[in-house]
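Note sheet for the following structure.
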2 protein chains.
Amino acid sequence: MVAASVECMSAVLLAEPEEATRSFLERHLAQDGFEVVGVTDGEALELLERLCPDLVLIGDPEGLELCRRLRERDREVPVILLGSQESDPVDRVRAFDRGCDDYLDRPFHYDELVARIRAVLRRVAPPESEQMTAGEIEIDRPTRRVTVVGRRVVLPTKEYELLLKLASDPQRVFTKDELLRDVWGFRSAGRTRTLDSHASRLRRRLGGGYVRNVWGVGYCLLGD
Amino acid sequence: MVAASVECMSAVLLAEPEEATRSFLERHLAQDGFEVVGVTDGEALELLERLCPDLVLIGDPEGLELCRRLRERDREVPVILLGSQESDPVDRVRAFDRGCDDYLDRPFHYDELVARIRAVLRRVAPPESEQMTAGEIEIDRPTRRVTVVGRRVVLPTKEYELLLKLASDPQRVFTKDELLRDVWGFRSAGRTRTLDSHASRLRRRLGGGYVRNVWGVGYCLLGD
DNA sequence: CGGGGCGCCAGATGTCCTTTCAGTCGAGTC
DNA sequence: GACTCGACTGAAAGGACATCTGGCGCCCCG
């Protein structure tokens with residue numbers, strides 16, 4: 001099994017009531033390059049808002065209701081349901097109606113689960129091109145080369161990753177939580193000073209006031 | 001079975017060698033609001049470029065190879081494979097590796113197939129318009145950009161949130177309590193001065209008397 | 001085993017927003 | 001037409017947030 005790209009590991013929220021399965025999945029998914037937080041389903045909804053995971057994996061046999069409540073909050077987050085052993089097509093259709101993205105019966109093969117997770121994520125986050133441009137900023141991912149108006153800029157790792165994220169949608173305003181999660185990973189919520197610090201340095205290195213702060217919200221690369 | 005969204009019926013390219021299954025699916029999918037073109041797998045690649053379908057359904061038991069060739073042409077088109085009866089997890093993992101989006105074993109339930117088709121299309125299609133419009137006011141949520149008759153308006157956080165709320169139903173009159181609760185949060189009931197103040201400034205910044213007061217009740221964005 | 005680069009953090013400072021207050025204006029009522 | 005209550009708005013106080021700077025610790029590389 002190939003490890004996920006280092007660039008950005010996907011964050012998976014795992015709602016699985018049974019201890020053994022949960023820790024099994026936590027361990028193996030982590031090995032396969034996912035950042036996993038396992039919870040019992042009671043905690044799932046609450047964590048959803050805090051963590052903003054890339055995907056939710058619901059292992060609860062009663063997961064249907066959770067799926068619905070989750071969708072109610074109007075999150076775009078993809079959901080994969082692990083069914084109960086006796087699922088029939090009707091159950092599955094109902095699950096899809098509730099907005100889930102895939103449904104896998106138990107007992108399942110771990111590799112198939114991973115394949116399905118990847119298939120869903122592939123869809124949600126379409127592949128980024130090797131060459132990114134944002135205004136006068138050019139980023140060449142294979143070589144990690146960044147140029148601003150032709151001038152070469154060398155960036156340390158975190159600043160480079162932060163730039164990548166911001167450049168993925170240059171006009172868009174990213175919230176601090178979002179940036180912290182995607183660049184620093186799941187469990188970094190609240191460390192705004194760290195983000196601020198890097199944003200500040202990135203701004204200085206790029207020059208030209210590219211990195212702009214949106215008060216009380218976060219940052220964007222090309223405001224206005 | 002709910003009919004497909006009226007907005008735009010999805011075009012499905014169906015590559016299924018077996019005559020009976022093909023016509024069955026053609027007929028039923030058409031009834032369920034899809035635009036279906038059924039072909040044998042030889043023709044699929046060629047038609048792919050001409051038709052640009054929204055989704056490809058591969059019924060061929062040898063569909064793996066087709067899926068690969070299809071992906072080679074680097075189309076973003078989603079693909080669902082209908083497996084052969086004897087598929088095992090290894091086959092399925094291989095299929096996902098080839099880039100397919102879902103895999104359904106035969107014999108399958110038609111309703112489940114439709115549910116899965118919808119789930120995949122849901123993912124692919126809607127980068128839902130994050131665009132709101134209220135009269136001549138346009139709001140782009142990702143960039144937090146607000147324009148009035150083309151003129152760009154910059155808003156501080158609270159005013160922006162207030163505008164969002166008002167624009168969510170521009171004609172409607174929102175009571176002050178409602179606005180306070182939704183923008184300032186639960187425990188803010190009674191602080192009408194604060195709301196007044198922000199409404200006043202929002203009105204001034206938007207110009208054109210958009211934010212209108214309804215005496216003794218609250219505010220609305222487009223009165224009359 | 002030392003040095004430098006980098007990630008992370010905390011305190012000081014400055015900036016901008018929010019809230020409140022106070023005075024005025026306007027609408028509705030008798 | 002006078003009175004009352006609510007709405008409007010400028011200014012000022014206060015707070016929340018952003019930025020910068022310097023320091024500490026870690027890891028990689030020499």
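The values are calculated or read from the model by the stated rules, or taken from the named source; none is laboratory data. Note that this is a predicted model, so its numbers are computed, not measured. Every residue, glycine as well, gets a Cβ built from its backbone with ideal geometry; the counts of neighbours run over all protein chains shown.
For segment A:15-27, name all the residues that are surrounded by 18 or more Cβ atoms within 10 Å (Cβ to Cβ) and either part of a loop (DSSP other than H, G, I, E, B) or in contact with a Pro (Cβ under 9 Å, 6 or more places away or on another chain) (or both).
Answer for segment A:15-27, where residues must be surrounded by 18 or more Cβ atoms within 10 Å (Cβ to Cβ) and either part of a loop (DSSP other than H, G, I, E, B) or in contact with a Pro (Cβ under 9 Å, 6 or more places away or on another chain) (or both): just A:GLU16.
Of everything in segment A:180-204, what is touching a residue at least 40 places away in the same chain (Cβ under 8 Å) and either within 10 Å of DNA strand C (Cβ to nearest atom) or among the β-branched types (Val, Ile, Thr) (or both)? Give them in sequence order.
A:GLY185, A:HIS198, A:ARG201, A:LEU202
Please find, among B:GLU136, B:GLU130, the residue that is charged (D, E, K, R), within 21 Å of A:GLY99 (Cα to Cα) and either assigned by TED's automatic domain parsing to the domain that holds B:VAL56 or surrounded by fewer than 16 Cβ atoms within 10 Å (Cβ to Cβ) (or both).
B:GLU130
Got a sec? Which of A:GLY223, A:GLY209 is within 12 Å of DNA strand D (Cβ to nearest atom), assigned to a loop (DSSP other than H, G, I, E, B), modelled with pLDDT under 90 and surrounded by fewer than 17 Cβ atoms within 10 Å (Cβ to Cβ)?
Step by step, each of A:GLY223, A:GLY209 is checked, and only A:GLY209 is within 12 Å of DNA strand D (Cβ to nearest atom), assigned to a loop (DSSP other than H, G, I, E, B), modelled with pLDDT under 90 and surrounded by fewer than 17 Cβ atoms within 10 Å (Cβ to Cβ).
If you check A:ILE137 against the conditions, is it more than 16 Å from DNA strand C (Cβ to nearest atom) and in contact with a helix residue (DSSP H, G or I) (Cβ under 7 Å, 6 or more places away or on another chain)?
Yes, satisfied.
Which of the following residues is closer than 30 Å to A:THR21 by Cα and among the basic types (Lys, Arg): A:ARG205, A:ARG152, A:ARG201, A:ARG106?
From the options A:ARG205, A:ARG152, A:ARG201, A:ARG106, the qualifying one is A:ARG106.
If you take just the helices (runs of 4 or more DSSP H) that sit entirely in segment B:28-133, which of them hold at least 2 residues that are at the interface with chain A (Cβ under 9 Å from one of its Cβ atoms)?
By residue number, B:89-97, B:110-124.
Is it the case that segment A:4-12 has a residue that's at pLDDT 85 or above and either within 30 Å of B:GLU130 (Cα to Cα) or exposed (fewer than 15 other Cβ atoms within 10 Å of the Cβ) (or both)?
yes
Okay, residues lined up against (1) in contact with a strand residue (DSSP E or B) (Cβ under 7 Å, 6 or more places away or on another chain); (2) within 13 Å of another protein chain (Cβ to nearest Cβ); (3) among the acidic types (Asp, Glu):
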residue	(1), (2), (3)
A:LEU155	yes, no, no
A:ALA167	yes, no, no
A:SER188	no, no, no
A:ARG191	no, no, no
A:ARG204	no, no, no
A:TYR219	yes, yes, no
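Testing A:THR143 on (1) among the β-branched types (Val, Ile, Thr); (2) within 15 Å of DNA strand D (Cβ to nearest atom); (3) assigned to a loop (DSSP other than H, G, I, E, B), one condition comes back false. Which one is that?
All conditions are met except number (2).
Considering only segment A:164-180, state which residues are within 15 Å of DNA strand D (Cβ to nearest atom) and crowded, with 17+ Cβ neighbours inside 10 Å.
A:LEU166, A:VAL173, A:PHE174, A:LYS176, A:ASP177, A:LEU179, A:LEU180
In the list B:ARG172, B:ARG152, which residue meets the criterion of being outside any helix (DSSP H, G or I) and under 14 Å from B:GLY218 (Cα atoms)?
Checking each option against the conditions leaves just B:ARG172.
For the list (1) buried (at least 16 other Cβ atoms within 10 Å of the Cβ); (2) modelled with pLDDT of 90 or more; (3) more than 11 Å from DNA strand D (Cβ to nearest atom), I need the number of the one condition that B:GLY218 fails.
Every condition holds for B:GLY218 apart from (3).
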